[in-house]
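A.B. asks: Take this structure, written in structure tokens, and hold onto it; I'll ask about it next.
The values are calculated or read from the model by the stated rules, or taken from the named source; none is laboratory data. Predicted, not measured: the structure shown is a model, and the values here were computed from it. A quick note on method: Cβ atoms are made from the backbone with ideal geometry, for glycine too, and the neighbour counts reach across all protein chains shown.
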Amino acid sequence: MPASDPDFTGVIDRITGVRTRSMLGAPLMTAHGPIGVLQVINKRDGALFDEPDRDLLRALAAPAALAASNAALTENLLEHARIRRELQLARRMQRSLLPMRRRGGFPLLAINRPAREISGRLLRLLTCPTDASALPSAMSPARAWTPPS
């Protein structure tokens, strides 16, 4: 009788109005450990759960755990796809702000680097010397300012 079990609180009985007379549970296990419990209450004939009931519940718990794990993975994939779409949109918007490429010398340099720590991008525009030999020295402050890849 669950009421005599010190771990049984009866809270759910009070909420649902169902009186728990017997209870059986099986862990929902994945390769990464437990993710929940499959639980049944009150055998239909009023008897207590027995060994065949326990075996059946264990057999049902394995595919239930797999289904729950697959649902969580699917949800995770959908969230990653949503974030990827948002970042692609942000990248297109950011690129639309950059000046169009021109033929010939253009005294502007754009550094556009991923900034994963802030889930965005880091952009800094610098004026460049028109003399190509001075470009490496002009890049020094930009390299110091940007985070390492």
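A.B. asks: Enumerate the pairs (first residue in region 13-27 and polar (S, T, N, Q); second residue anywhere and exposed (fewer than 13 other Cβ atoms within 10 Å of the Cβ)) with beta-carbon separation below 7 Å, excluding pairs fewer than 6 apart on the same chain, so at least 6 apart or on different chains.
C.D. replies: From residues that are polar (S, T, N, Q), the pairs are Ser22/Leu48.
A.B. asks: If you don't mind, there's one more thing I want to ask. Being exposed (fewer than 10 other Cβ atoms within 10 Å of the Cβ) and out of contact with any helix residue (DSSP H, G or I) (no Cβ under 8 Å at 6 or more places or on another chain) is true for just one of Ala31, Ala81, Ala62, Ala71. Which residue is that?
C.D. replies: Numbers: Ala81 fails: exposed (fewer than 10 other Cβ atoms within 10 Å of the Cβ); Ala62 fails: exposed (fewer than 10 other Cβ atoms within 10 Å of the Cβ); Ala71 fails: exposed (fewer than 10 other Cβ atoms within 10 Å of the Cβ).
From the options Ala31, Ala81, Ala62, Ala71, the qualifying one is Ala31.
A.B. asks: So, one more: Looking at region 39-52, is at least one residue surrounded by fewer than 10 Cβ atoms within 10 Å (Cβ to Cβ), modelled with pLDDT of 95 or more and within 30 Å of Arg19 (Cα to Cα)? Quick ask: steps written out before the conclusion?
C.D. replies: Within region 39-52, the first condition is being surrounded by fewer than 10 Cβ atoms within 10 Å (Cβ to Cβ), and the residues that meet it are 44-46, 51-52.
If we keep only those that are modelled with pLDDT of 95 or more as well, we get 51-52.
Of the ones still in play, those that are also within 30 Å of Arg19 (Cα to Cα) are 51-52.
For region 39-52, residues surrounded by fewer than 10 Cβ atoms within 10 Å (Cβ to Cβ), modelled with pLDDT of 95 or more and within 30 Å of Arg19 (Cα to Cα): present.
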